1. Pairs under 8 Å by beta carbon, first residue over 17 Å from Pro177 (Cβ atoms) in region 126-144, partner outside any helix (DSSP H, G or I), six or more apart or different chains?
2. Given the condition within 30 Å of Glu293 (Cα to Cα), in contact with a Ser or Thr (Cβ under 7 Å, 6 or more places away or on another chain) and open to solvent by 30 Å² or more (accessible area, probe 1.4 Å), answer yes or no: does some residue in region 350-371 qualify?
3. Could you list, in sequence order, all residues of region 5-21 that are farther than 14 Å from Leu32 by Cβ, modelled with pLDDT of 75 or more and either touching a Phe, Trp or Tyr at 6+ places or on another chain (Cβ under 6 Å) or of a type in the set (A, V, I, L, M) (or both)?
4. Being in contact with a helix residue (DSSP H, G or I) (Cβ under 9 Å, 6 or more places away or on another chain), of a type outside the set (Val, Ile, Thr) and open to solvent by 50 Å² or more (accessible area, probe 1.4 Å) is the filter here, so list the residues in region 10-20 that pass it.
5. Does region 49-63 include one or more residues that are open to solvent by less than 60 Å² (accessible area, probe 1.4 Å), more than 26 Å from Asp136 (Cβ to Cβ) and out of contact with any strand residue (DSSP E or B) (no Cβ under 6 Å at 6 or more places or on another chain)?
6. Look at region 214-239 and say how many of its residues are crowded, with 19+ Cβ neighbours inside 10 Å and within 27 Å of Asp175 (Cα to Cα).
7. In the set Leu556, Leu542, Leu524, which member is part of a helix (DSSP H, G or I), touching a residue at least 24 places away in the same chain (Cβ under 8 Å) and open to solvent by less than 20 Å² (accessible area, probe 1.4 Å)?
8. If I filter region 382-404 down to residues being open to solvent by 30 Å² or more (accessible area, probe 1.4 Å) and at pLDDT 85 or above, which single residue comes out as nearest to Val360 (Cα to Cα)?
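The values are calculated or read from the model by the stated rules, or taken from the named source; none is laboratory data. Predicted model, so just to flag it, every value in this text is computed and none were measured. Every residue, glycine among them, receives a Cβ derived from its backbone with ideal geometry; neighbour counts consider all protein chains shown. Protein only, heavy atoms only, side chains kept; ligands, DNA and RNA dropped before computing areas. Shrake-Rupley method; radii C 1.70, N 1.55, O 1.52, S 1.80 Å.
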Amino acid sequence: MAADGAAVAVPTFAEDINADETERRVAAMKRLQAVARAAGEERTRSEVLPLLMGKMEDDDEVLLAMAEQLGGMVDAVGGGAHAVALFEPIGALANVEETVVRDAAVAAGKTVVAALPERVVVEGVVPIVRELTNGDWFTSRVSVSGLLPAVIAVVHDAEVATELRALYAQVCHDDTPMVKRAAAKAVGEAAAAVSKEHLLSDILPLFKELVMDDQDSVRFLAIESMAAIARLLTEAENNTHLLSLVKSCAEDKSWRVRFTIAKDIFALCQALGAEVTTTHLLPAYVNLLQDPEAESRCAACKNAAAFCDLVGAEVFAADVMPTFRELAGDMAPTVRIALSKAVIESIPKLGKELATSVAVPLIMQFLRDEVQDVRLNVLGELTSVSSVLGTELLQSSLLPVVITLGADQQWRVRRAVVEQMPALARAVGAAVFESKLLPLFFSTFHDVVNSVRNASTAALQPLTEVLGAEWSSARAVPKLKELMESGGNYLQRITVLYACGSLLAVEDPGTLPDELLPMMLSSLKDGVPNVRFTAVNVLGGLAGKVDNERVTGEILPAVSALIKDKDGDVAYFASKAAEALSDDAASKQVRAPQLARPA
C-alpha cells in the first residue's frame, strides 16, 4: 500500500504544479512535505526536487509556498547526510526578485544548515554561498547576507571559517544599498556566530563601518543589533568599542537612528555599566527625551523606570524628572501617554519622599489630561501609587480628582474609576469611602453606558469582601431595593439583578440571601422579557453559592415556572437555569450522606 501511495503521489504532484490555475499550483506546493513523506527519501531526492527546479519561473505565490515548505523537509530527504540536496532549490529561490520569497528561502536555508554536519556544509553549502556572494544580480547577495551567519556558526575549520568571514565582509562593503542593508540587519547574528577573538578583530570593525555609513537606512539597521553585540562583550570592551558609537548615534541627524538608540538605550547602558551611564550617557538620554521627533521621545520614555534602577533614584529625580515636567505638556498625545506610564512605573523606585515631591504634581496633571489614555494609565495603577505615597496624600490630593473623573465624559474613564473602588475602599477605610466615594459609586448604577453599569455591579463583590457583608446589608441593599422599587427604566432593574448576583457570590454572604432573594424572585414576574431573562440567568448562576434548602424550596420552583414562558429566550434559558440548579441540588444530596458517614 505504501508503494502504491508513493507511485501515485509524485505523478499527481507533478500534474498539480503544472496546472493552469495558480490556486491549484499553490495548493500543491503547500502539500510538498506530505508528498515527500509519501514518496520516500530516495524518490524525493531523485524525482520531487528536480520537479521543483523546473518551477523557478512560476508565480511568486507558488515560489513562496515552495520556500516555506523546504525548511521542514530535512527528514523527508534522508536527514542531515542528504539534506544538502535541498540547497539547490533554496539557492535558486534566493535569486528571485520578490523579497518575501527570498526571505522565506533564507529562513529555510538556516533551518537546513542547522541540521547538517560540518563536513556536509563545507562540501555542499559553502560553494553555493560563495556563488551567491559573487552573483551578478543583487538579489543573491541580499539573500546570502542573511544566510552567512548561520553557515559561519556551523563551520569550525579555520581556513573555511576565514573565507566565510571574508565573504561577509564583502557583502558589508557592497556598493548596492540593498545588499549593505541586509548585511547590517544580520550583523548581530554574525557577531553571535564567531568567537570573541574574531568578534573583536573581524565583526566589530565591520559593525562600526555600518553604524557610520552614509545611508541612514544602513545605520539604523546596524544599530538595532548594538544591544545584542553589547551583551557579547565585557563592560571594559563595551566602553572601548561602543561608548562613542552610542553617544554619536544619540545625536545622529536621522530620526530613525535616534529612535533606534532611544528604544535600546537601557540595554546599552546596562552593558556599559552604571558609572559610565551616569557620567557619559545620562545627558544623551535626557536629550533623547527632548528629541524633535515624537517617536524618539516615546521610545525614551518607555525606558525611564529601568533607567531609574540603573542610575539611582536621587540622580534620576535630579537629572531626568525636570525633563518629565516639560514633557507632561508635550503637544503629542502619544508622548504624554508613554510618559504617564513611565512616571507610574518609576514611583515605587523613587520612594515616598522623592515621589511625593517630584511625581505627585505630574500625576495630578495626568489625571486632568485631555487624552483619556493618559488618565486611564494613572487610574489603572492608582492602588500601587497610593501604597507608596500613603493614605493621607491619597485622601488629600488624589481623591478629589478621582471623584471628578467619576463624571468624566469618556465612559472608559468612568469605568476605570469604578473598577478602582474596591482598592480605594481598602486604602482609605469604610468611613472615608462612605463619605467621599459611596455617592459617586451608587451614581454609576444609572450610567448611560452598559459597560460602566456592569463594572459597578461587578465591583460590589470585591467591595463586600473588603468592607464585609454587614456593610453591604446596611448600605448597598437598601439602595438596590430603592432602585428596584422606583419604577424606573427596565435597564435599572436589570442592573439591580446583576448587582444582587455579585453580592451573593461573596464567600461569606451573611444575611444577604435573605434580603436579596425575594427581590430577585419577584423579578421573574416582571412584565419586560429582558428583566425576566436576566433574573433567570442570575438565579441560575447561584448554583453552588446558596444553601440547598433555599435552592430546592424557593429558587428552582420559581425558575422552572418560566420554562413555559411566552418569550422563547426566557423559556430556553429558564430550562438551562433549572437544569443547573437541579444538578447542583442533586450533587449536594449525594454528598451529604457521605459527609455524615463515620470514618
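1. Short answer, once both residue conditions are applied: Val126/Val155; Leu132/Ala94; Leu132/Asn95.
2. Within region 350-371, one or more residues are within 30 Å of Glu293 (Cα to Cα), in contact with a Ser or Thr (Cβ under 7 Å, 6 or more places away or on another chain) and open to solvent by 30 Å² or more (accessible area, probe 1.4 Å).
3. Ala19
4. Within region 10-20, Glu15, Asn18 meet the criteria.
5. So far as region 49-63 goes, yes, one or more of its residues are open to solvent by less than 60 Å² (accessible area, probe 1.4 Å), more than 26 Å from Asp136 (Cβ to Cβ) and out of contact with any strand residue (DSSP E or B) (no Cβ under 6 Å at 6 or more places or on another chain).
6. 10
7. Leu524
8. In this case the residue turns out to be Pro400.
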